[in-house]
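Heads up: the structure comes next, in structure tokens.
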Amino acid sequence: MLNPLLSSLVVLALTVPWVPSGDPVACVLQDGEEDPVPIPSDGVIDWDWVPGSRGDHWYALTSRALSFEQAEGEALVAGGHLVSIESGLEREFLLEAFARKGEQGLSAKSRSLWVGLWRRLGQEEFEWISGVSRVAGKWADGEPVGDSESSSYAALITTGPEAGEWEAISSRGQRLFGVIEIEFDPEQDPLRSGKKSAQSSERAWHRAREACLAAADGNAEAIDLAGTRDALAALREEQAAIIHARPLPTSAETRAASDAVQEWIELRLGIWSKKSREVHQALANLARAHKILADGRTYPMTERAARVDMFCAMVNRKRGARDQETRARNRRVLLRAGTSAENFAIVAWTNEHRQMMGVGVLALDNRLTYAAQIHAADMSHLGFFAHESPVPGRMHMSDRGREGGYFQVTGENLHQGGGSGVGSVQAWIGSPGHHSNMLTPSHRSIGPGANGSYSVELFGG
């Protein structure tokens, strides 16, 4: 049960309506002998990656000609950014690898490719969007054009006498292919790699999980599985009506609503264990397997979350499999993108709470994470706390989403003080409005941000 919150915590929520999208695709299991560990498909592996000369960076073109923001969004999805050119050798490599595609650019200024160099609205100088400080290249004659009154984006000229130089494009609608750069081997899936001991522990956990599902199915009548499903659905609907009520409930009422579901699940698990020895043993084995994973820090789920996850999967196998797959995808994003522990805690605890309340877990999206992180950093550095930002080009949550190439931002929660990460989620759960925002069923994706005492979570379609 989540701890009561200090009254000094400050939180802000903003949400907009959105129509829900389709279900995630089904998971793909590992090759070889039957293995219970779900490994979702990995689209990044299938992109046409070109290894750099030193083998520590990989490059690919965007799927089609896009605006600069859309191209950066594709790069973020892949786990990187539009390319930052840090040496003459890297520039020559890019020309050799991608010049032909530049000739297919859909623009009046053809034969150019987006790179990650831009001048944001209100800025005087161009900078790499990745944050890299080293620069290797030069502007073409007469460039750059434009001023700080509008955003400008740099493109690498790939053919002709100015090949290898940059041109500045101020049109937000300009569409070119972009060069994506990542700093990991795309063929090495982090969900399949790692120490053998960690892999063995995770397999044991998933086998214990499958045993729990089998025990529930085999003892469905004894534990009244169908009755449990109906009773849980009714309880969730009853408590959701309190959480989403207008006018808003009190802090005590909104917290009590989710606590009621948590307590009911724990009570029902106890009843199941008494009614079925097989279910009792399966749950005990799952707890032991989870402890090994938690001790090895290989699985980002609390013991309570593991029990709730198991119960929800027993009651609804289809949704349980979908939630499990989404968590696996989130782990892949975490491992590749280097998501901070604080940020991932926001995702993990938000998803734990959503699953308990029956609205499904959210997919971690690097584009939303970028948008949330820049807002957390701006609030921390400039000392303001609001959904509307004084930073040019970043006023609204939709503006910040667009900067990261995400165009369907559906809600935002903010928190200041009292610790970030888990503390932020506890604050939002105890706050009317934020709690409702967190449990909005139409949200499909999440992006966390944390900087100092400021935390942000963005939701998207």
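At full extension, Arg134 and Val422 could sit 100.1 nm farther apart than now, given 0.36 nm per residue minus the alpha carbon distance.
Once you sort the root eigenvalues of the Cα gyration tensor of segment 184-268 as a ≥ b ≥ c, which label holds: rounded (a/c under 1.5), prolate (a/b larger than b/c) or oblate (the other case)? Taking the square roots of the gyration eigenvalues as a ≥ b ≥ c, segment 184-268 is oblate.
Over all distinct Cα-Cα pairs of segment 180-222, the Kirkwood formula returns a hydrodynamic radius of 13.2 Å. Length available on full extension from Arg192 to Ser87: 0.36 nm per residue minus the Cα-Cα distance, which gives 34.5 nm.
When the C-alpha to C-alpha distance is required to be over 32 Å, the pairs from Lys195/Lys275; Lys274/Lys318; Lys196/Lys275; Lys275/Lys318 that qualify are Lys195/Lys275; Lys196/Lys275. Rounded to the nearest Hz, the phi-derived 3J(HN,Hα) couplings of segment 201-212 under the Karplus curve 6.51 cos²θ - 1.76 cosθ + 1.60 (θ = phi - 60°) are 5, 5, 4, 4, 5, 5, 5, 5, 5, 4, 5, 5, where x marks glycine and proline. Out of every Cα pair in segment 157-315, what percent are spaced more than 29 Å from each other? Percentage above 29 Å: 48. All C-alpha to C-alpha distances of the chain, sorted into 10 Å bins beginning at zero, yield P(r) values of 4, 19, 27, 24, 15, 8, 3, 0, 0 percent in whole numbers. Note on Asp230 and Glu210: with the Förster distance fixed at 30 Å, the Cβ-Cβ geometry gives a FRET efficiency of about 0.75. For Lys291 and Ser442, a Förster radius of 35 Å and the Cβ-Cβ distance give a FRET efficiency of 0.45, rounded to the nearest 0.05.
Here r is the Cβ-Cβ distance between Met395 and Arg317 and R0 is 56 Å; the resulting FRET efficiency, rounded to 0.05, is 0.80. Ranking Leu61, Pro392, Ala198 by Cα position along the charge dipole of the chain, where only Lys, Arg, Asp and Glu carry charges on their C-beta atoms, puts Ala198 farthest toward the positive end. Using a probe of 1.4 angstrom and keeping all protein chains present, the accessible surface of segment 325-411 works out to 31 square angstrom per residue. Would you give the gap between the C-alpha center of segment 239-309 and the C-alpha center of segment 413-461, rounded to a whole Å? If we compute the Cα centre of each part, the gap is 20 Å. Name the longest site-free stretch of the chain, where the excluded sites are trypsin sites (Lys or Arg not before Pro) in a DSSP loop with no more than 10 other beta-carbon atoms within 10 Å. It runs 298-461.
Annotation for Phe407 and His387: the two label points, set 7 Å from Cα along the Cα-Cβ direction, are 2.2 nm apart.
Farthest toward the positive end of the dipole of the chain, out of Gln262, Ile45, Gln408, is the Cα of Gln262, where the dipole comes from beta carbon charges about the Cα centre. In this rough spin-label picture, where each label sits 7 Å from Cα along the Cβ direction, the Glu278-Thr302 distance is 3.2 nm.
Between Arg64 and Ser148, residue separation times 0.36 nm minus the direct Cα-Cα distance comes to 27.4 nm. Candidates Asn285, Trp118, Gly178 compared by Cα position along the dipole of the chain: farthest toward the positive end lies Asn285, with charges placed on Cβ.
The values are calculated or read from the model by the stated rules, or taken from the named source; none is laboratory data. Only a predicted model underlies this, so the values are computations on that prediction, with no experimental measurement involved. So basically every Cβ, Gly included, is an ideal-geometry build from the backbone, and we count neighbours across all protein chains shown. The area values use the complete protein model at the heavy-atom level, side chains included, leaving out ligands, DNA and RNA. Shrake-Rupley method; radii C 1.70, N 1.55, O 1.52, S 1.80 Å.
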